[in-house]
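Novice: Dumping the structure here so I can ask a few things about it.
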Amino acid sequence: MKTPSMKMPLYLSLHTVAAVTNTSFKKMKTPLYLSLMGVVALTNTSFKKAKAINLRTVTRNTYSVIIVKSKYELKIIDSTGEWIVTYPVVFGNKDLGDKMMQGDRRTPEGIFHILNKRKHEKWDSFMLIDYPNQDSYQKFNARKAKGIIPTGAQIGGAIGIHGTWPHEEFAIDQYQNWTEGCISTKNIYIEEIFSLLPVGTTVEIKR
């Protein structure tokens, strides 16, 4: 598995792994490789200090988001393709499949955009994406035509990036897919993402 280069001394990283191994892993139901992946992701959740970010100059094209479901990660890259930061995230249905219809708890795959942003009464902050878009409807209708989904199914919506319930951020550490199809990260991380990314920012979600 390819991961970003670490920003902390190796001995500190190993110390962190050892500490987590002696405590959390004993109680976790998550496979060890995902737990270790979480440690790696959490050590890379700060913006590059060498590049001062002036939020006044950020536009919808300054950054883009790549969400990789199989790696449980959300990456922010700049317009040159340079990696800025990676956050750990979780999703809905644990099979990580593409969204088929309303109620399947799956996270849709494709290229979307942030449609609006608001503070959320339950999950700290919410960034709605424009699912379903034209491509979403094309896939949905094709699946209906093939009988993959029922003819009476609805496509669903209200998919976004948000935080967690208060005091339940352990769901991110343990990679528990708890949402109805949204992308969830820790509240401290969603606040950073919310502050940085304007409406219109591209969000690519893939397996």
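The values are calculated or read from the model by the stated rules, or taken from the named source; none is laboratory data. This structure is a prediction, so every number in the text was calculated from the model and none was measured. Please note: Cβ atoms are built from the backbone with ideal geometry, for glycine as well, and neighbour counts cover all protein chains shown.
Novice: Please state which of the following conditions D95 fails to meet, knowing it meets all the rest: (1) modelled with pLDDT of 95 or more; (2) more than 24 Å from H167 (Cα to Cα).
Specialist: (1)
Novice: Could you say which residue among E204, E180, E192 is outside any loop (DSSP other than H, G, I, E, B) and within 28 Å of S136 (Cα to Cα)? Quick ask: steps written out before the conclusion?
Specialist: On the way: E180 fails: outside any loop (DSSP other than H, G, I, E, B); E192 fails: within 28 Å of S136 (Cα to Cα).
One residue alone meets the criteria, E204.
Novice: Which one of these is at pLDDT 95 or above, in contact with a Cys (Cβ under 8 Å, 6 or more places away or on another chain) and under 23 Å from Y189 (Cα atoms): T86, T107, T164? Give the steps one after another, and end with the answer.
Specialist: On the way: T86 fails: in contact with a Cys (Cβ under 8 Å, 6 or more places away or on another chain); T164 fails: in contact with a Cys (Cβ under 8 Å, 6 or more places away or on another chain).
Answer to the selection: T107.
Novice: Can you name every residue in the range 120-151 that is at pLDDT below 95 and either under 21 Å from K69 (Cα atoms) or not β-branched (V, I, T) (or both)?
Specialist: Within the range 120-151, the first condition is being at pLDDT below 95, and the residues that meet it are 120-124, 151.
H120, E121, K122, W123, D124, listed by residue number.
Novice: Now, a different point. Could you list all residues from the range 156-207 that are out of contact with any Phe, Trp or Tyr (no Cβ under 8 Å at 6 or more places or on another chain), without any contact (Cβ under 8 Å) to a residue 60 or more places away in the chain and closer than 14 Å to L115 by Cβ?
Specialist: Selection gives A158 alone.
Novice: Same structure, new question: Please find, among S79, S64, S70, the residue that is touching a strand residue (DSSP E or B) at 6+ places or on another chain (Cβ under 6 Å) and surrounded by fewer than 21 Cβ atoms within 10 Å (Cβ to Cβ). Walk me through how you get there before you give the answer.
Specialist: Values: S79 fails: touching a strand residue (DSSP E or B) at 6+ places or on another chain (Cβ under 6 Å); S70 fails: touching a strand residue (DSSP E or B) at 6+ places or on another chain (Cβ under 6 Å).
Among S79, S64, S70, only S64 is touching a strand residue (DSSP E or B) at 6+ places or on another chain (Cβ under 6 Å) and surrounded by fewer than 21 Cβ atoms within 10 Å (Cβ to Cβ).
Novice: Taking K117 and the conditions (1) in a loop (DSSP other than H, G, I, E, B); (2) over 30 Å from I148 (Cα atoms), which numbered condition does it fall short on, given that it satisfies the others?
Specialist: Unmet condition: (1).
Novice: A further question follows. Does the range 140-148 include one or more residues that are among the hydrophobic types (A, V, I, L, M, F, W, C), surrounded by 17 or more Cβ atoms within 10 Å (Cβ to Cβ), assigned to a loop (DSSP other than H, G, I, E, B) and out of contact with any His (no Cβ under 8 Å at 6 or more places or on another chain)?
Specialist: Here is the first cut: in the range 140-148, the ones among the hydrophobic types (A, V, I, L, M, F, W, C) are 140, 142, 145, 148.
This time we only want the ones that are surrounded by 17 or more Cβ atoms within 10 Å (Cβ to Cβ), so: 140.
Retained after the next criterion (residues that are assigned to a loop (DSSP other than H, G, I, E, B)): none.
No, there is no match, as no residue in the range 140-148 is among the hydrophobic types (A, V, I, L, M, F, W, C), surrounded by 17 or more Cβ atoms within 10 Å (Cβ to Cβ), assigned to a loop (DSSP other than H, G, I, E, B) and out of contact with any His (no Cβ under 8 Å at 6 or more places or on another chain).
Novice: Which one of these does Y175 not meet: (1) over 21 Å from I53 (Cβ atoms); (2) surrounded by fewer than 20 Cβ atoms within 10 Å (Cβ to Cβ)?
Specialist: Single failed check for Y175: (2).
Novice: If I ask for residues that are within 30 Å of H167 (Cα to Cα), exposed (fewer than 13 other Cβ atoms within 10 Å of the Cβ) and either free of Cβ contacts under 8 Å to residues at least 24 places away in the same chain or among the hydroxyl-bearing types (S, T, Y) (or both), which ones from the range 120-139 would you list? Break it down stepwise before answering.
Specialist: Here is the first cut: in the range 120-139, the residues within 30 Å of H167 (Cα to Cα) are 120-131.
Then keep just the ones that are exposed (fewer than 13 other Cβ atoms within 10 Å of the Cβ); that gives 121-122.
Listed by number, the list holds a single entry, E121.
Novice: Answer with yes or no whether I155 is over 22 Å from Y189 (Cα atoms), out of contact with any Ser or Thr (no Cβ under 8 Å at 6 or more places or on another chain) and at pLDDT 95 or above.
Specialist: Details: over 22 Å from Y189 (Cα atoms): yes; out of contact with any Ser or Thr (no Cβ under 8 Å at 6 or more places or on another chain): no; at pLDDT 95 or above: yes.
No.
Novice: Say whether the condition of being modelled with pLDDT of 50 or more and surrounded by 15 or more Cβ atoms within 10 Å (Cβ to Cβ) is met by at least one residue in the range 15-37. Show your work before the answer.
Specialist: The initial filter retains those residues of the range 15-37 that are modelled with pLDDT of 50 or more, namely none.
Checking the range 15-37: not a single residue is modelled with pLDDT of 50 or more and surrounded by 15 or more Cβ atoms within 10 Å (Cβ to Cβ).
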